[in-house]
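**Student:** One structure is given below, represented as structure tokens, and several questions about it will come after.
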Amino acid sequence: MDWPERIVIVDLEATCWDKAEHKPLEMETIEIGAVLVNNSYLEATKELDLFIRPTRHPMLSDFCRELTSISQEQVDMARPFPEVWQQFLNWLGDNSGIWLASWGSFDPMQLKQDCAHHGLAYPLEGRHLDLKKMFGAHFGDRKFGMKRALRKIELELEGKHHRGIDDARNIYRLYRWLRSNS
């Protein structure tokens, strides 16, 4: 595979509810964790962790706070999606050749949904690497959650699962393994 020169590994956390209350079309990103990777050296060059204040459902559910460990205060003090999205794009710099990578397809779909809701452009259309799918193809098993994938290659989960920046860092470790073993 010809890998893009620059990749941003992204993991989002979004508003969520238990199964009885689930509202997938009303979910909003509340955290963007990102690791920018220079593929020439497979090095993480910088990281970003941003909280976002939700507008559709400003009060986080108990389920969401427990799952993500993100507090109501953290999102209340954050800026709304349009401002944070612009900060993220500014952090990326020239994004013309950058690809977004994530563990599964949720993250780009959620970003597109957030952009559409706020009337914003999504400049990364068509530039996504689904690392979960690639990892699954390597092992002939499509059911690899991030924690299971880490265990499969004998790595420990670092940080707090379901926190954007910690998951992005763990996905980066999986990405390095994929690059070395593909």
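The numbers here are math on the coordinates, done by the rules we state, and not lab data. What you see is a predicted model, and the numbers here were worked out from it, not measured in a lab. In this analysis, Cβ positions are derived from the backbone assuming ideal geometry, glycine residues included, and neighbour counts consider all displayed protein chains.
**Student:** For every helix of n ≥ 4 consecutive DSSP H residues, a contribution of -39,500 (n - 2.57) applies; sum these over the chain, divide by its total residues, and give [θ] at 222 nm rounded to the nearest 500 deg cm²/dmol. Each step should come with its number before you reach the end.
**Tutor:** Details: 7 runs with 71 residues, N = 182.
Calculated at 222 nm, the ellipticity per residue is -11500 deg cm²/dmol.
**Student:** List the residues whose amide H sits under 5 Å from the amide H of A101, counting only those 5 or more places along or on another chain, with H placed 1.01 Å from N in the peptide plane.
**Tutor:** V8, I9, V10, L129
**Student:** Sticking with this structure for a sec: I need the calculated FRET efficiency for the pair S182 and D94, taking r as the beta carbon distance and R₀ as 35 Å, to the nearest 0.05. Write down the numbers at each step before the final one.
**Tutor:** Working: r = 27 Å, r/R0 = 0.77.
Result of the calculation: an efficiency of 0.85.
**Student:** Quick one: 3J(HN,Hα) in Hz for segment 174-179, Karplus 6.51/-1.76/1.60 with θ = phi - 60°, rounded, Gly and Pro as x.
**Tutor:** 5, 4, 4, 5, 4, 4
**Student:** While we're looking at this one, here's another question. Looking only at F63, F81, F135, which one moves most when the chain is put into a Gaussian network model with springs between Cα atoms under 10 Å?
**Tutor:** The residue with the greatest mean-square fluctuation here is F63.
**Student:** For I30, enumerate residues with amide H under 5 Å from its amide H, sequence gap 5+ or separate chain, H modeled in the peptide plane.
**Tutor:** Amide H neighbours of I30, under 5 Å, 5+ apart: E13, A14, T15.
**Student:** For segment 1-66, run through the trypsin sites (Lys or Arg not before Pro) and keep only the ones in DSSP coil with at most 11 other Cβ atoms within 10 Å of their Cβ. Numbers along the way, then the final one.
**Tutor:** Working: sites: R6, K19, K46, R56, R65; in loops: K19, R56.
Listed in order of number, the matching sites are K19, R56.
**Student:** Taking loop as defined by DSSP and a crowding limit of 10 other beta carbons within 10 Å, which trypsin sites (Lys or Arg not before Pro) in segment 106-135 fit?
**Tutor:** Numbers: sites: K112, R127, K132, K133; in loops: R127.
Answer in residue order: no site qualifies.
**Student:** Which of the following values of Cα extents along the principal axes in Å was calculated from the structure shown: (i) 43, 35, 24; (ii) 67, 37, 37; (iii) 51, 37, 23?
**Tutor:** Only one listed value fits the structure, namely (i).
**Student:** Per-residue HN-Hα couplings for segment 84-96, Karplus 6.51 cos²θ - 1.76 cosθ + 1.60 at θ = phi - 60°, whole Hz, x for Gly and Pro?
**Tutor:** 5, 4, 5, 4, 4, 5, 5, 4, 5, x, 4, 9, 5
**Student:** Follow-up. For R79, which sequence-distant residues (separation of 5 or more, or a different chain) have an amide H within less than 5 Å of its own amide H, given hydrogens modelled in the peptide plane?
**Tutor:** Distant-sequence amide H within range of R79: R53.
**Student:** Let's see if you can work this out: charge +1 on each Lys and Arg Cβ, -1 on each Asp and Glu Cβ, no other charges. What is the dipole magnitude of the chain about its Cα centre, in debye to the nearest 20?
**Tutor:** On the way: 24 positive and 28 negative charges, 124 e Å.
Roughly 600 debye, rounded to the nearest 20.
**Student:** What are the ³J(HN,Hα) couplings of segment 111-125, residue after residue, when phi is run through the Karplus curve with 6.51, -1.76, 1.60 and θ = phi - 60°? Round to Hz, x for glycine and proline.
**Tutor:** Result, ordered by residue: 4, 4, 4, 4, 4, 4, 4, 9, x, 10, 6, 10, x, 9, 3 Hz.
**Student:** Still on this structure, I have one more. Just to verify a number: FRET efficiency for D62 and H117, C-beta to C-beta distance, R0 = 30 Å, to 0.05? Walk me through the intermediate numbers first.
**Tutor:** Values: r = 24 Å, r/R0 = 0.80.
Rounded to the nearest 0.05, the efficiency is 0.80.
**Student:** A follow-up question, please. Working only with C-alpha atoms, what are the Rg and Dmax values of segment 7-115, expressed in angstrom?
**Tutor:** 14.4, 46
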